[in-house]
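Read through the structure below, which is laid out as structure tokens, and then see the notes.
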Amino acid sequence: MLDDTRHRSTMARRTPLHARPREGFRASGARDPRTRSRTSGVEGNTRLTSSLGALLLILLFVEGLTLLSIGSLLTPHIVIGVLLIPPVLLKMGSTTWRMVKYYAGSREYRHKGPPAPILRLLGPIIIVLTIVLLASGVGLVVGAPVSWRAQLFTIHRASFVLWFGAMTIHVLGHLVETAKFAPRDMFPYTRRQVKGASARQWTLAVALGLGVIAAVAVLPYAANWRTGLLG
Ligand code: HEM
């Protein structure tokens with residue numbers, strides 16, 4: 001008798017098969033890991049955006065380090081700056097997709113809701129500043145007539161100052177979310193909760209691969225730019 005009750009209570013603790021979804025999961029909006037999702041596009045999108053955010057955080061940090069001695073680190077500055085362009089474009093794509101789905105009235109994107117007001121306001125500003133920063137950098141290295149260099153240089157530096165301010169708020173505003181969602185496609189337990197983990201990881205790998213190809217292609221220009229600068 002005693003063994004049987006002890007046995008049943010142990011079993012109940014171990015496998016609550018038919019228990020109601022734990023309050024924690026429902027309250028946090030995260031998906032109960034025991035249920036496999038078919039339609040969770042919104043979490044798939046958040047995972048992709050957060051993984052890109054984590055990747056960009058690392059690349060932007062290294063790019064920032066080159067500014068500490070830009071004279072001697074100009075080539076790595078140019079190469080990393082070009083390498084991160086495809087991941088940045090993909091990030092703009094995944095965040096624009098969320099915005100379009102939200103305004104198109106998608107139930108699950110509406111359920112997730114918009115970003116916090118300051119982040120929502122900064123979104124388009126960050127996109128414009130990033131395009132100006134990266135385009136002026138590329139323009140300086142690969143093509144602009146020498147007569148444009150001084151203006152492009154000023155645009156590159158001025159947009160960087162504005163971009164850095166906006167990006168600091170963006171990163172601080174999304175750090176917790178990035179830490180929460182970026183690793184989820186890596187671990188088997190959370191990976192299988194939302195369809196498309198391999199597709200998301202391959203998309204990221206292709207974007208990074210395109211970045212490496214572009215970085216290799218820009219190397220000769222970076223070397224010429226240096227000699228042009230040094231006369
Ligand atoms: C040049 C680099 C970047 C650009 C152009 C960019 C752009 C954007 C834009 C336009 C949004 C939508 C508005 C918003 O929710 O704030 C967004 C969302 C987001 N960003 Fe960034 N971002 C960049 C870098 C980063 C970095 C470094 C992180 C890592 C901390 C990050 C993490 C996120 C996250 C987690 C979201 C919300 C994802 C969601 O809930 O769907 N971003 N980003």
Please verify whether L129 is in contact with a Leu (Cβ under 6 Å, 6 or more places away or on another chain), open to solvent by 40 Å² or more (accessible area, probe 1.4 Å), closer than 27 Å to E63 by Cα and modelled with pLDDT of 95 or more, treating the condition exactly as stated. no
Name the residue that is farthest from the ligand (Cβ to nearest atom), counting only residues in the stretch 96-122 that are in a helix (DSSP H, G or I) and surrounded by 19 or more Cβ atoms within 10 Å (Cβ to Cβ). Y109
Exactly one of L133, L129 is of a type outside the set (F, W, Y), in contact with a His (Cβ under 7 Å, 6 or more places away or on another chain) and closer than 30 Å to S50 by Cα, and that residue is L133
Go through the residues of the stretch 138-150 one by one and say whether even a single one is at pLDDT 95 or above, hydrophobic (A, V, I, L, M, F, W, C), surrounded by fewer than 19 Cβ atoms within 10 Å (Cβ to Cβ) and more than 9 Å from the ligand (Cβ to nearest atom). no
Anything in the stretch 192-210 that is part of a loop (DSSP other than H, G, I, E, B) and open to solvent by 30 Å² or more (accessible area, probe 1.4 Å)? List them, or say none. R192, K195, G196
Under 7 Å between Cβ atoms, which residue pairs at least 6 apart in sequence (or on different chains) link something in the stretch 172-191 that is touching a residue at least 60 places away in the same chain (Cβ under 8 Å) with a partner that is charged (D, E, K, R) and within 16 Å of the ligand (Cβ to nearest atom)? F181/R47; R184/R47; D185/R47; D185/R200; T190/R184
Restricting the search to the stretch 151-167, which residues are among the hydroxyl-bearing types (S, T, Y) and open to solvent by less than 60 Å² (accessible area, probe 1.4 Å)? S159
What is the residue count in the stretch 167-204 for residues that are within 14 Å of A54 (Cβ to Cβ) and not basic (K, R)? 15
Identify, please: which residue in the stretch 169-191 is in a helix (DSSP H, G or I) and of a type in the set (A, V, I, L, M) and is, among those, least open to solvent (accessible area, probe 1.4 Å)? A182
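The values are calculated or read from the model by the stated rules, or taken from the named source; none is laboratory data. Computed from a prediction, not measured in an experiment: that's the story for all the values here. Neighbour counts are summed over all protein chains in view; Cβ atoms, including those assigned to glycine, are modelled from backbone coordinates with ideal geometry. Areas reflect the complete protein model, heavy atoms only, side chains present, ligands, DNA and RNA absent. Shrake-Rupley method; radii C 1.70, N 1.55, O 1.52, S 1.80 Å.
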